[in-house]
1. Arrange W129, W41 by Cβ neighbour counts within 10 Å, fewest through most, would you?
2. Over the range 69-216, calculate the relative contact order: mean separation of alpha carbon pairs under 8 Å at least 6 apart, over the residue count, as a percent.
3. Take the range 167-221, compute every pairwise Cα distance, and split them into 5 Å bins from 0; I just need the percent in each bin.
4. Assuming R0 = 22 Å, can you tell me the calculated FRET efficiency for the pair Y91 and I64, based on Cβ-Cβ distance, to the nearest 0.05?
5. Extension gain W117-N27, at 0.36 nm per residue separation less the Cα-Cα distance, in nm?
6. Taking the Cα centre of the range 199-286 as origin, sum charge times position over the Cβ atoms of Lys and Arg (+1) and Asp and Glu (-1), and report the length of that vector in debye to the nearest 20.
7. Please identify the longest segment of the chain free of exposed trypsin sites (Lys or Arg not before Pro), where exposed means a DSSP state other than H, G, I, E or B and no more than 14 other Cβ atoms within 10 Å.
8. If you place +1 on the Cβ of every Lys and Arg, -1 on the Cβ of every Asp and Glu, and leave all else neutral, what size is the dipole of the range 2-286 about its Cα centre, to the nearest 20 Debye?
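What follows is calculated from the coordinates using simple rules that are stated; it is not laboratory data. As the structure is a computational prediction, the values presented were derived from the model and not from experiment. So basically every Cβ, Gly included, is an ideal-geometry build from the backbone, and we count neighbours across all protein chains shown.
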Amino acid sequence: MLKQRIITALILAPLAIAAIFYMSLENFSIFIMTVMAIGAWEWGPLMGFENKRRRIAFVITTTILIGAIWYYFPLTSLWSNQAQLQLAIQYILWIAVAWWVVSAALTFLYPRYSSFWASHRSIRGVFGWLTLVPTWLAFVVLRANEYGDDPYHGAQLIMFLFLMVWSADVGAYFVGKAIGKHKLMPNVSPGKTMEGFIGGVIFACALVALAGVNLGWDQQQFILVIGITAVITTISVLGDLNESMFKRQAGIKDSGSILPGHGGILDRIDSLTATAPIFALCYAYLGW
């Protein structure tokens, strides 16, 4: 399993990096929309959909919602000339933050109070939209930042998000395997440990600090970005646990099988769905 995970990651990582840096803003937006559409397809079983027609309908509605945001808020107008994020876009991202607060409560309390949302497919569908649609928007917002002046600036922001999330994932995996003893949330994900969680946060902060040294950050930048890294890596665990909760409720192990060793697209981007909207807001308000 570990060998498969490594091989798949070695193939996916360069492809993802190439898409982020070398696709135009429009093509990148289409690419992320496609990823979210696959995620919507995989969300179908989490809603209890076995019928392909219902899963396709959910993919279509998810794509329409993303398309509506794209139509009303063109890519080049997401940020004003003063590098301010449009107020309506901020509201959408804050709705995502509110959803993740609710999600955290549902996850921590699971399986208590799960009977209501578990028995209503429509509610789980709304949960899916709140997870996938803002993720698309957050990635596009980041990629579009200062796009006219520097086409690669937004790509660098996304790479920082990836560095935070991926390094925390790697650190948590190996630290958890080595010394993990205390279960983090056994009702949701029995394999995760408190030691792994802490190790992942520390590992991510260390790598970001190393990047800061290479980029010549000053003390204020170090404090700000390391603080953001600690927040983002903590939230990334929530995204992972959230999907684990829905899979456990639906009685499935993986969201799909498209990625050998990793499962489905949702299994690979679950941490990003929680962190991308919050990271975008952090940058919009704080910068660095």
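1. Exposure proxy ranking, most exposed first: W129, W41.
2. After rounding, I find 18 percent.
3. For the range 167-221, the pair-distance distribution reads 5, 23, 21, 17, 12, 9, 8, 5, 1.
4. That pair, Y91 with I64, gives E of 0.65.
5. 28.8 nm
6. 160
7. In short, 1-111.
8. It comes to approximately 1200 debye.
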